[in-house]
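In what follows, a single structure is set out as structure tokens and then discussed.
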Amino acid sequence: MHSITLRQMALLFVTGLLTCSIAQAQIQKPDRPIEDFEFRKNTALVYSVDPKTNGINEVFLKEPNVEHQLYKLKEDCYRCEYYLGSVEGTLKIKDSKIVNSRSSVFTINTMENLMPGTDFLPGPEYAPGSRFSLAGIKTTVLANQKGSFVLKAN
């Protein structure tokens, strides 16, 4: 039988502590979540519209179970209306919210409210060529017609 010396035991103890601290450092999440870049030819989205201001507050990736997604979204903004739409181009995503997009074309289906009853009417002041803030993304209006509101990110 081998006997372990005090020095060998101390070395084993220190090695074990270092191994545990390295493993713990690898398990911890980063302080700031990493933003994802996503490119898709045509991505389905959900647009949050505040009926008081008629502005688009946020833009979300459409989830497979849209009824469940609507339930979650209504917890954050009960008075908001949610419309289906899409985007073509490059997206910068954080926590399923669109936070930036370059040269992408956004289409809001103004008659596809997830809670039927009202339609989104941007108004005649948003004629093609006018500027519009889409949830903090600077855009230019390409088309404003019955059924669709089309914007291009600047």
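Scoring ASP119 on the criteria (1) within 15 Å of LEU45 (Cβ to Cβ); (2) without any contact (Cβ under 8 Å) to a residue 60 or more places away in the chain leaves a single failure, condition (1). Checked against (1) surrounded by 13 or more Cβ atoms within 10 Å (Cβ to Cβ); (2) at pLDDT 90 or above, TYR71 passes all but condition (1).
Condition first: in a strand (DSSP E or B), of a type outside the set (A, V, I, L, M, F, W, C) and open to solvent by 80 Å² or more (accessible area, probe 1.4 Å). Can you find one or more residues in the range 108-122 that meet it?
Taking every residue of the range 108-122 in turn, at least one turns out to be in a strand (DSSP E or B), of a type outside the set (A, V, I, L, M, F, W, C) and open to solvent by 80 Å² or more (accessible area, probe 1.4 Å).
Say we look at the range 87-107 and pick out the residues that are open to solvent by less than 30 Å² (accessible area, probe 1.4 Å) and polar (S, T, N, Q); which of these is modelled with the lowest pLDDT?
Initial filter on the range 87-107 (open to solvent by less than 30 Å² (accessible area, probe 1.4 Å)): 87, 89, 91, 93, 98, 101, 104, 106.
Checking the rest, the ones that are also polar (S, T, N, Q) come to 101, 104.
Values: SER101: 75, SER104: 90.
Of everything passing the filter in the range 87-107, SER101 is modelled with the lowest pLDDT.
Looking only at the range 123-138, residues that are outside any strand (DSSP E or B) and more than 16 Å from TYR83 (Cβ to Cβ) come to 7 in all. Looking at ALA25, ALA44, ALA10, just one residue is open to solvent by less than 100 Å² (accessible area, probe 1.4 Å), under 15 Å from ILE93 (Cα atoms) and either at pLDDT 85 or above or part of a helix (DSSP H, G or I) (or both), and that residue is ALA44. Each residue in the range 53-75 was checked for being among the aliphatic types (A, V, I, L, M) and in a loop (DSSP other than H, G, I, E, B), and 0 pass.
Taking (1) of a type in the set (Phe, Trp, Tyr); (2) open to solvent by 60 Å² or more (accessible area, probe 1.4 Å); (3) not in a loop (DSSP other than H, G, I, E, B) in turn, TYR78 satisfies each apart from (3). PHE39 satisfies every condition listed in (1) at pLDDT below 90; (2) open to solvent by less than 100 Å² (accessible area, probe 1.4 Å); (3) touching a strand residue (DSSP E or B) at 6+ places or on another chain (Cβ under 6 Å) except (2).
Here are some residues: VAL141, VAL105, VAL99, VAL87. Which one is touching a residue at least 60 places away in the same chain (Cβ under 8 Å), touching a Lys or Arg at 6+ places or on another chain (Cβ under 9 Å) and assigned to a strand (DSSP E or B)?
Values: VAL141 fails: touching a residue at least 60 places away in the same chain (Cβ under 8 Å); VAL105 fails: touching a residue at least 60 places away in the same chain (Cβ under 8 Å); VAL87 fails: touching a residue at least 60 places away in the same chain (Cβ under 8 Å).
The unique qualifying residue is VAL99.
For the range 124-135, a residue qualifies if it is under 21 Å from the mean Cα position of the chain (by Cα) and either surrounded by 13 or more Cβ atoms within 10 Å (Cβ to Cβ) or without any contact (Cβ under 8 Å) to a residue 24 or more places away in the chain (or both), and the qualifying residues are PHE132, LEU134, ALA135.
The values are calculated or read from the model by the stated rules, or taken from the named source; none is laboratory data. Given the structure is predicted, the values throughout are model-derived calculations rather than measurements. Neighbour counts run over all protein chains shown; Cβ positions are idealised from the backbone, glycine included. With ligands, DNA and RNA removed, areas are computed over all heavy atoms of the protein, side chains included. Shrake-Rupley method; radii C 1.70, N 1.55, O 1.52, S 1.80 Å.
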